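The values are calculated or read from the model by the stated rules, or taken from the named source; none is laboratory data. Source: prediction; values computed, not measured. Cβ placement follows ideal geometry from the backbone for every residue including glycine, while neighbour counts extend to all protein chains displayed. Accessible surface areas use protein heavy atoms only, side chains included; no ligands, DNA or RNA. Shrake-Rupley method; radii C 1.70, N 1.55, O 1.52, S 1.80 Å.
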Amino acid sequence: IRIKSAEILGERGSLVGTVVVLEDITDLKKLEKMRSQFVANVSHELKTPLTSIKGFSETLKFVKDESTRNKFLDIINDESERLTRLINDILTLSSIEQVKSLKNEEIDISYESEKVYHLLNPKAEAKNITLSLTQKEPLFMLGDVDLYNQLLLNLVDNAIKYTRENGEVQIRIEREDTLIKVVVSDTGIGIPEKHLNRIFERFYRVDKARDRAMGGTGLGLAIVKHIVLSMGGTIEVSSEIGKGTQFVVYLPMYKESYDEE
Ligand code: ADP
């Protein structure tokens, strides 16, 4: 609790009374703590690839063997790509937080979802995963089209990433009353129950080493959650280890697209 007080003076400067304000700053403190935690995490996540890049590039000039040199160059390249992904994800997160910079236009959900499907299908095919998209009717909402694409991209990308070869990933889009329901389900490795309520946190990973090796930044689902909230929607997750995971997103439909019904 923070206490602020001020004296109230009368016409001739005499003391008439005192105002005391008691302010509950537990939320403020929490927010501050989360911010500094985030900065510490970002620094750590940025430093790790940088340390590798520096180490391997310094050593490179002393290495004569061609195949070792190539291995070092591959590591430097991979780590630079990780840095790029990290920086892009951090920029995306901060742009969503600046609500003013977001577009507010009509989004053709069916058209945009098909784009994401075509973008990620090659990645699924490379693992022999069947990716499918089902949607019956055209659906529209108001918002920032780039954010909708990013939201679906992150969910489907994760589904493919955390599903073994020959598995299945489904995207289902349907209308539920005045809501658009987007379901992304997979037959992948699943998420243990005790982690389920934490996976939307920044840099939270179920298995730190494994998930980092998958190339993820640990920011994908934090971005998804931010986007869903900024669009006035909700997100739910359910999962069974070894069976698969399902994310369900509800987004508000564009009112004018159902008003005429
Ligand atoms: P990352 O970049 O590591 O994938 P995310 O924020 O996208 O980070 O996801 C957080 C964690 O949640 C992942 O590290 C992974 O452990 C888990 N996860 C996310 N999606 C799935 C999924 N479809 N199946 C299994 N685990 C998942």
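For this structure, a couple of remarks:
- Single residue of the range 211-231 satisfying the filter (open to solvent by 60 Å² or more (accessible area, probe 1.4 Å) and farther than 18 Å from residue 46 by Cα) that is farthest from the ligand (Cβ to nearest atom): 229
- Where a residue in the range 122-148 is charged (D, E, K, R) and surrounded by 12 or more Cβ atoms within 10 Å (Cβ to Cβ) and its partner, wherever it lies, is modelled with pLDDT of 95 or more and in a helix (DSSP H, G or I), with Cβ under 7 Å and at least six apart: 123/160; 127/160
- Subset of the range 78-98 [more than 16 Å from the chain's Cα centre (by Cα) and open to solvent by 80 Å² or more (accessible area, probe 1.4 Å)]: 78, 81
- Contact map, the range 244-261: first residue within 16 Å of the ligand (Cβ to nearest atom), second residue modelled with pLDDT of 75 or more and basic (Lys, Arg), Cβ cut-off under 7 Å, separation 6 or more or different chains; pairs are 248/181.
- Pairs meeting the criteria (first residue in the range 164-191 and within 14 Å of residue 136 (Cβ to Cβ), second residue near the ligand (Cβ under 10 Å from one of its atoms) and open to solvent by 20 Å² or more (accessible area, probe 1.4 Å), beta carbons under 7 Å, at least 6 apart or on different chains) are 183/246.
- Qualifying residue in the range 102-115 (condition: assigned to a helix (DSSP H, G or I), open to solvent by 50 Å² or more (accessible area, probe 1.4 Å), out of contact with any strand residue (DSSP E or B) (no Cβ under 9 Å at 6 or more places or on another chain) and at pLDDT 95 or above): yes
- Residues of the range 155-177 classified as more than 19 Å from residue 112 (Cβ to Cβ) and more than 10 Å from the ligand (Cβ to nearest atom), total: 6
- The range 194-210, residues that are among the charged types (D, E, K, R) and either more than 8 Å from the ligand (Cβ to nearest atom) or open to solvent by 40 Å² or more (accessible area, probe 1.4 Å) (or both): 194, 198, 201, 202, 207, 208, 210
- Single unsatisfied condition, residue 128 versus (1) at pLDDT below 95; (2) in a loop (DSSP other than H, G, I, E, B): (1)
- Taking every residue in the range 21-50 that is modelled with pLDDT under 85 and pairing it with any residue that is among the small types (Gly, Ala, Ser), at least 6 positions away or on another chain, the pairs with Cβ-Cβ distances below 8 Å are 21/5.
- Subset of the range 152-184 (residues that are among the small types (Gly, Ala, Ser) and surrounded by fewer than 22 Cβ atoms within 10 Å (Cβ to Cβ)): 167
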